[in-house]
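The values are calculated or read from the model by the stated rules, or taken from the named source; none is laboratory data. Everything quoted here is computed from the prediction, not taken from an experiment. Heads up, the Cβs are rebuilt from the backbone with ideal geometry, glycines too, and the neighbour counts pull from every protein chain shown.
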Amino acid sequence: MTALPTIHLNGTGADSLQREYRAVRKAIAAASDALAAATCNARDFYPQNSDAWRRAQAERAEAFRLLQQVSDYAEAWELHAMNARVQSAFRLAPLTMTPTEIATAMLDAHRQRYETVSDYDDSTPPCLAAALRVLPPEADLPAVIAALETIG
């Protein structure tokens, strides 16, 4: 489990953390793409002993696993910061927010994480779960869900 910071007024802001760790994930994705494009072919190993190609394949697989591990770490920080931003916004939001305004805020916070439509997934976003936890008790959840369906 990743150790995550407490986001508070005297610490690093959630906006900075989210932006920085999104940049880390983009860099890792670029590194992974570059490694995938780099040549690693059996014909370059056959002059060595018979185990050389298998060893090279295992090392390459380990390199991809490590890149994914770093990406997962950065994603945990990014999601943590994104959730903190949403929770903060909802704590400060007036109780008079309409369901459409609530739904729009939740979707906007989630979509900031993605650069293109192809990067977006339609799973329940962590920030949406966080927003639902901090909605005022008087929020009309069926109206929030209906608004989400019309926006999303």
Residues satisfying the stated conditions in the stretch 39-67, i.e. more than 19 Å from ILE28 (Cβ to Cβ) and small (Gly, Ala, Ser): ALA42, SER50, ALA52, ALA56, ALA58
So PHE45, is it without any contact (Cβ under 8 Å) to a residue 12 or more places away in the chain and among the aromatic types (Phe, Trp, Tyr): yes
Qualifying position, being surrounded by 15 or more Cβ atoms within 10 Å (Cβ to Cβ) and of a type in the set (S, T, N, Q), among GLN87, GLN48: GLN87
Residue check for GLU75: under 23 Å from the mean Cα position of the chain (by Cα) and modelled with pLDDT under 95: yes
Filter result for SER50 (of a type in the set (Ser, Thr, Tyr) and in contact with a Lys or Arg (Cβ under 7 Å, 6 or more places away or on another chain)): no
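One line per residue, one yes/no per condition, for (1) part of a helix (DSSP H, G or I); (2) over 15 Å from LEU4 (Cα atoms):
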| position | (1), (2) |
| --- | --- |
| ASN49 | no, yes |
| ALA61 | yes, yes |
| GLN68 | yes, yes |
| MET82 | yes, no |
Hey, ALA30 hydrophobic (A, V, I, L, M, F, W, C), touching a residue at least 40 places away in the same chain (Cβ under 8 Å) and out of contact with any Gly (no Cβ under 6 Å at 6 or more places or on another chain) or not: no
Qualifying positions in the stretch 6-30 - under 25 Å from LEU66 (Cα atoms), among the aliphatic types (A, V, I, L, M) and exposed (fewer than 15 other Cβ atoms within 10 Å of the Cβ): ALA23, ALA27, ALA29, ALA30
Residue tally, condition hydrophobic (A, V, I, L, M, F, W, C) and assigned to a helix (DSSP H, G or I), over the stretch 1-39: 13
